[in-house]
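What follows draws every value from the coordinates through simple rules; no lab data is involved. These figures come from a predicted structure and were not determined experimentally. No Cβ is skipped: glycine too gets one built from the backbone with ideal geometry, and neighbour counts run over all protein chains shown.
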Amino acid sequence: MADLGLGTAGLGDVFGEIDDEAAADVVAAAAAAGVRYFDTAPYYGFGLAERRLGRALPAGSFVVSTKAGRTLTDGGCFFDFSAAAVRRGIEGSLDRLGLDRVDIVYLHDPDDHEEQAASEAWPELCRLRDEGVVSAIGVGMNQWQMPARFVERLDVDIVLLAGRYTLLDRGGERLLDLCGERGVDVVLGGVFNSGLLIDPRPGAWFDYAPAPAELLARARRMQEIAVSAGYELAACALAFAAAHPAVTSVLVGATSAAQVRANVSAFRREVPPDLVSRLVAAGTPTP
């Protein structure tokens, strides 16, 4: 069974401004609930999420992942998958996190930079892994096709896939199956598709944009089925994501301690597999 991890984009004010105290409360609530995996990135608030996470990390055993491939500057952040930029970026992440090593580093969204990511960034990640600076290396993306090519060609330890294996979008299933065959761990993010699988009301979003009417209708059908069976749609979405055998962790973000507790409760709810199967059928587009 997969574990629940905390995504920290919200700690970087990506979804609205929160203060340092609220950010610390999010991490503390997650740790108190038994969450031990925390995912972050330099891009989240241009270093803010990493700094806040580093100050709030719990004592004891925990796993941290961050990302590489976006260089921070005074003017913002830009893509750079050169070897030097990757090493420099990870050194900056370690400084902001207050760590001397990190468990996982993902190449962050190299959609338009596949060749450089594979030929320059990846060998540097391998060197950092050999040096013990990083324990596991992988790629984190919102598409499944490029990660599949990385898994087929390179020595990938882990993949972070966002939004492509959910009750509404199962396009990434081929990648998950490939990872299972190759012994590559999978972390899933975006399992609510920007909130549509939490509350599919009119005006809800899907993948960072207003949800098309057809997707909204499918999500509302699933919600009706889940509620009639006595379950929240969010709990069902988490159960679906966690059930694939290649999945080791499911990431869910939060901007308040109350959201953390709600997410943990939903994740721990035991959802009957036959209900999940009914929701999958209801969410499948009609040919």
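Things worth noting here:
- Here residue 85 meets the list (1) over 19 Å from residue 159 (Cβ atoms); (2) surrounded by fewer than 17 Cβ atoms within 10 Å (Cβ to Cβ) almost entirely, failing just condition (2).
- Checked against the criterion of being over 28 Å from residue 260 (Cα atoms), among the hydroxyl-bearing types (Ser, Thr, Tyr) and surrounded by 17 or more Cβ atoms within 10 Å (Cβ to Cβ), the candidates 71, 40 yield just one match: 71.
- When the range 177-218 is filtered for residues that are touching a Gly at 6+ places or on another chain (Cβ under 7 Å) and polar (S, T, N, Q), only 193 remains.
- Considering residues of the range 100-120 that are assigned to a helix (DSSP H, G or I) and among the aliphatic types (A, V, I, L, M) only, the residue nearest to residue 66 (Cα to Cα): 117
- Near pairs, Cβ below 6 angstrom, 6+ apart or cross-chain, from the range 167-181 (on the phi < 0 side of the Ramachandran plot) to any residue that is among the aliphatic types (A, V, I, L, M) and part of a loop (DSSP other than H, G, I, E, B): 167/197; 176/246; 179/246; 180/246
- Filtering 53, 125, 97 for residues that are over 17 Å from the mean Cα position of the chain (by Cα) and farther than 26 Å from residue 145 by Cβ leaves a single hit, 97.
- Of the criteria (1) under 21 Å from residue 44 (Cβ atoms); (2) of a type outside the set (A, V, I, L, M); (3) crowded, with 20+ Cβ neighbours inside 10 Å, which one residue 122 fails: (1)
- Looking only at residues in the range 248-271 that are within 14 Å of the chain's Cα centre (by Cα) and of a type in the set (Val, Ile, Thr), the one that is farthest from residue 183 (Cα to Cα) is 252.
- You will find that of 18, 90, the residue that is in a helix (DSSP H, G or I) and in contact (Cβ under 8 Å) with a residue 40 or more places away in the chain is 90 and no other.
- Subset of the range 21-37 [surrounded by fewer than 24 Cβ atoms within 10 Å (Cβ to Cβ), in contact (Cβ under 8 Å) with a residue 60 or more places away in the chain and not in a loop (DSSP other than H, G, I, E, B)]: 22, 25, 28, 29, 37
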